[in-house]
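Below is one structure, written out as structure tokens, with a few remarks after it.
The values are calculated or read from the model by the stated rules, or taken from the named source; none is laboratory data. On a predicted model such as this, the values are computed, not experimentally measured, just so you know. Cβ placement follows ideal geometry from the backbone for every residue including glycine, while neighbour counts extend to all protein chains displayed.
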Amino acid sequence: MNEERCHICGGTDFEKRQVEYIYRRHGNYLVVRDVPCEVCLRCGERYYEGAVLLQIERRFKEIYKQLAKPQFAIEVPVEVYA
Ligand SMILES: [Zn+2]
């Protein structure tokens, strides 16, 4: 963690974890599992390295431009709350 304090809650305790990250752009989604981040132990805010986010964005573009195939795909039900 570069910053010593969480910018949300001011907490100072962080833990490295691997989490599921959902990248969403213009109604398209890419789910990336096992993404490394640091989590604020007080409020749960996640902090990612810039290089990690850039890689996810690059994969998103490759997949949606059909330059690459995802490892697998899932179907997601959608509902409008009423
Ligand atoms: Zn926090």
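Contact map, the range 55-66: first residue more than 13 Å from R25 (Cβ to Cβ), second residue of a type in the set (A, V, I, L, M, F, W, C) and part of a helix (DSSP H, G or I), Cβ cut-off under 9 Å, separation 6 or more or different chains; the map is empty.
Looking across L41, L67, one residue alone is out of contact with any Cys (no Cβ under 7 Å at 6 or more places or on another chain), surrounded by 11 or more Cβ atoms within 10 Å (Cβ to Cβ) and not β-branched (V, I, T). It is L41. Name the residues in the range 30-68 that are of a type in the set (F, W, Y) and touching a Phe, Trp or Tyr at 6+ places or on another chain (Cβ under 7 Å), would you? Answer for the range 30-68, where residues must be of a type in the set (F, W, Y) and touching a Phe, Trp or Tyr at 6+ places or on another chain (Cβ under 7 Å): just F60. Restricting the first member to the range 29-50 and to residues that are within 11 Å of the ligand (Cβ to nearest atom), and the second to residues that are assigned to a loop (DSSP other than H, G, I, E, B) and at pLDDT below 95, the beta-carbon pairs closer than 6 Å and six or more apart or on different chains are E38/M1.
Looking across the range 10-38, the residues that are exposed (fewer than 13 other Cβ atoms within 10 Å of the Cβ) and more than 30 Å from A68 (Cβ to Cβ) come down to G10, D13, E15.
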